[in-house]
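Peer 1: One structure is given below, represented as structure tokens, and several questions about it will come after.
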Amino acid sequence: MRIIQASDVRQWLSQADSLSEFTHSIGQRRIDDEYAEQSLHLPYHLRFVIEKLSEEREGEDIPAKEFDSISFFSLCKGLFMPLSYLTSDRAAQIFGMQVADPPDAAGKEQLL
């Protein structure tokens, strides 16, 4: 009898043609957040974006290469840095680039 381990699930997900596979679960509406992050190594922010994109597209499959066009620089500057609450002075000191001050709670939710 073969027992499926978390590593088997990670391997299967890494070969999936659709990011929508990350939102499916057996016996639950959605995968538990802690399990997804700890066992499947799926960061919460990525899961959040996949779920929102799936809702926006009314359950349509999201191709696995959907996010390939987002450069790491753009992702950091446009999403991670504003969410990290670094002031523009601190971001300039650490990363050597000018960014806007961090958003307030409403701006943060809008960014997500």
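The values are calculated or read from the model by the stated rules, or taken from the named source; none is laboratory data. The structure presented is a predicted model; accordingly, all values stated were derived computationally and were not measured. Note: areas computed on protein heavy atoms with side chains; ligands, DNA, RNA excluded. Shrake-Rupley method; radii C 1.70, N 1.55, O 1.52, S 1.80 Å.
Peer 1: How big is the equivalent ellipsoid of the chain along its three axes, where each semi-axis is √(5λ) from the Cα gyration tensor, reported in whole Å from largest to smallest?
Peer 2: 32, 16, 14
Peer 1: Given the rule -39500 (n - 2.57) for each run of at least 4 DSSP H residues, summed and divided by the residues of the chain, what is its mean residue ellipticity at 222 nm, to the nearest 500 deg cm²/dmol?
Peer 2: About -11000 deg cm²/dmol.
Peer 1: Using a 1.4 Å probe over the heavy atoms of the protein chains, calculate the carbon and sulfur portion of the accessible area of the chain as a whole percent.
Peer 2: The nonpolar share, carbon plus sulfur, comes to 52 percent.
Peer 1: Excluding residues fewer than 8 places away in the same chain, name every one of the aspartates and glutamates whose C-alpha is closer than 17 Å to that of LYS52.
Peer 2: Within the straight-line limit of under 17 Å, LYS52 reaches these aspartates and glutamates: GLU21, ASP32, ASP33, GLU60, ASP61, GLU66, GLU109.
Peer 1: State, as an integer percentage, the relative contact order of the chain based on alpha-carbon contacts under 8 Å between residues 6 or more apart.
Peer 2: Numbers: 81 pairs, mean separation 22.5, N = 112.
Contact order relative to length: 20 percent.
Peer 1: Taking a probe of 1.4 Å, how large is the accessible area per residue of the range 31-112, in Å²? Numbers along the way, then the final one.
Peer 2: Numbers: 5770 Å² over 82 residues.
Per-residue accessible area for the range 31-112 comes out at 70 Å².
Peer 1: Moving on to the next point. Got a number for the accessible area of ASP68? Probe 1.4 Å, square angstrom, nearest 10.
Peer 2: 110
Peer 1: For the range 31-77, taking Cα atoms only, what is the radius of gyration to one decimal and the Dmax to the nearest whole Å?
Peer 2: Computed over the Cα atoms of the range 31-77, radius of gyration and Dmax are 12.0, 30 Å.
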